[in-house]
Amino acid sequence: MAQAERYGYTVARLRAMGHRLLDSGVFQRMLDAEDLQGALKTLNETCYASWLVEMKNEGAFDEAIEAELSYVYREIEQFAPDKAMVTLCKMPYDFHNVKVLLKSVFLQKSGGNRRWDLLTRLGNLSPEFLIESLESEDYRLLPFGLRGMIPNCLAQWDQSHDILEIERRLDDLLFSQMGVLAAELEQKGVTEWVRGRIDAENIRNLLRLRRMQVEASKAAGFLHEGGIISVDKLLSLMGEPLESWGRLLAYTDLTGALSQLQDVSDFDTLIVEVEKALDEYVLRVVEAARFSSSAPENVLYYLWSKEMEAKNVRIILVGKANGADRDVLRGLLRHVNG
Amino acid sequence: MDQVVTTLLTTMSEQLGAMIAVLGAGIAAGFAGSGSAIGIAIADEAASGIMTEDPGKFGLALLLLALPGTQGIYGLLAAFFAILKVGLLGGAAVKVTIWQGIGIFGSLMPIAIACYYSAVAQGKASAGAILLISKRPEEIGKAVILPAMVETYAVLALLLSIILMNSIKL
């Protein structure tokens, strides 16, 4: 079937669903609220209302945010012609769950408690299934290369107790699996989006490594292959001043995000600003699809916008719960456009 | 036997011109109608998408859905002209030579080809316009004008087909 016929309904429905995304006016009202209760009251006027009703106490807003995201993923999965596109967006949550489970196992071995409360239901694999696989040591049914990776990580822990190395291996697998899935979809825009996400993650890692003053030779292991910018090029940035990164990567679309590096003095503020700019960069990779009535990338655009919306809601609510300054919170908000 | 074959061939040669014209009429109506059906289906997908979220947009979407349907009407109109010209819709019997039949067939090709492609293209343009009204319903005027511009070429093809058909003297 022609692409226009496959995605005509999906794109139109996503465009109409765009009305449900919270706009800057709602975020502003939440920011202007006196306290957490006031912010939740504003949120209660939006699509989050049905989940807020089920909230056990005011502090459990994370569950409401997760429930809304989960509902949107389920809804899109029902009508998107390529379910793999939703799988692609949910995959990082599976790897998050695997990390939580492995860390719980390691904690248990050293007499600590399991942290299953940190598991999320947003992944493709249910937490129960992952727990059962780990407890029975039966990894045969695990997808995304986890079948081999989990025993590998357990062995690594026994040898070195190096949690950073385990996280690095899992992240490497995540991005390679996302690349494989995107390639199977045979949609150029989807592949570009995954490559954009890899670039964003690499830049994020590079900045963190720079802050930790890690040598370039050791940084290679923390960068993932498959992005638009080669790992070699990224490694060469380690020896350059931060202000020149934007100029050195001027041939990519990342220059906008890296322009933040020019005028921020302290590293903490810089990382926050760049993270925000990188999130918006990932959205911009598929932004052109908004002008097409049949582009499959519209699914990614909507889901990423929803993720940003959830992130904004979480930032505001956590900030309100902790009495953070309104202007500081405003500076952390991502751009959401349905 | 020879006489039967001769009679058959004579009848065929007498009616072949009219039949070629009828073939042209069939192709014109068939292609234009198919194009319209595909175009409407493309626009339909978009309309169903926005109506799932907002059923109140039905009225606005219907206007845009109807646009790719006009090509099918043009095809049918041209086909009627052709069969009227060769006298198959009553009136005095008209003798159509093979060359005149081929001429009428040729005159119907602009409408068959242009209507097929313009209807499909208009369906895509309408789908885009339906997305526009999903976000900005107040822009319905502009949303109708954009796909309507595709219509121009179907109208020009209809005009040319009628001029060409009228230029064939029977």
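Below is a table of values for the structure above.
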quantity	calculated
Test result for B:Ser48, surrounded by fewer than 18 Cβ atoms within 10 Å (Cβ to Cβ), within 14 Å of chain A (Cβ to nearest Cβ) and either part of a helix (DSSP H, G or I) or not hydrophobic (A, V, I, L, M, F, W, C) (or both)	yes
All helices (runs of 4 or more DSSP H) inside the stretch A:1-74 with 2 or more residues being away from chain B (no Cβ under 14 Å)	A:24-32, A:36-43, A:49-52
Selection status of B:Thr11, open to solvent by 50 Å² or more (accessible area, probe 1.4 Å) and either more than 12 Å from the chain's Cα centre (by Cα) or away from chain A (no Cβ under 14 Å) (or both)	yes
Any hit, the stretch A:104-111, residues being within 16 Å of the chain's Cα centre (by Cα), hydroxyl-bearing (Ser, Thr, Tyr) and either open to solvent by 10 Å² or more (accessible area, probe 1.4 Å) or at pLDDT below 90 (or both)	no
Any chance B:Ile162 is out of contact with any Ser or Thr (no Cβ under 6 Å at 6 or more places or on another chain), open to solvent by 20 Å² or more (accessible area, probe 1.4 Å), away from chain A (no Cβ under 14 Å) and not in a helix (DSSP H, G or I)	no
Residues located in the stretch A:1-34, provided they are open to solvent by less than 30 Å² (accessible area, probe 1.4 Å) and at pLDDT below 85	A:Ala4
The one condition in (1) buried (at least 17 other Cβ atoms within 10 Å of the Cβ); (2) within 14 Å of chain A (Cβ to nearest Cβ) that B:Ile111 fails to fulfil	(2)
Filter result (open to solvent by 40 Å² or more (accessible area, probe 1.4 Å) and either within 13 Å of another protein chain (Cβ to nearest Cβ) or on the phi > 0 side of the Ramachandran plot (or both)) within the stretch B:114-133	B:Ala121, B:Lys124, B:Leu132
Matching residues, the stretch A:228-259, being part of a loop (DSSP other than H, G, I, E, B) and of a type in the set (Gly, Ala, Ser)	A:Ser230, A:Gly239, A:Ala250
Answer residue from the stretch A:208-225, given it is within 21 Å of the chain's Cα centre (by Cα) and open to solvent by less than 60 Å² (accessible area, probe 1.4 Å) and is nearest to A:Glu287 (Cα to Cα) among those	A:His224
Options A:Lys320, A:Lys306, A:Lys311, A:Lys276; residue that is basic (Lys, Arg), open to solvent by less than 60 Å² (accessible area, probe 1.4 Å), assigned by TED's automatic domain parsing to the domain that holds A:Leu40 and under 15 Å from the mean Cα position of the chain (by Cα)	A:Lys306
Selection within the stretch B:52-86 - within 9 Å of another protein chain (Cβ to nearest Cβ) and either open to solvent by 50 Å² or more (accessible area, probe 1.4 Å) or within 13 Å of the chain's Cα centre (by Cα) (or both)	B:Thr52, B:Glu53, B:Asp54
The stretch A:293-302 - residue that is in a helix (DSSP H, G or I) and closer than 13 Å to A:Lys83 by Cα and, of those, nearest to the other protein chains (Cβ to nearest Cβ)	A:Val299
Checklist (1) open to solvent by 30 Å² or more (accessible area, probe 1.4 Å); (2) over 30 Å from A:Pro296 (Cα atoms) applied to A:Ile228, failing item	(2)
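The values are calculated or read from the model by the stated rules, or taken from the named source; none is laboratory data. Fair warning: this is a prediction, and the values are worked out from it, not measured in the lab. Because the Cβ atoms are built from the backbone with ideal geometry, glycine has one as well, and the counts that use them run over all protein chains shown. Calculation scope for accessible area: heavy atoms of the full protein, side chains included, ligands and nucleic acids excluded. Shrake-Rupley method; radii C 1.70, N 1.55, O 1.52, S 1.80 Å.
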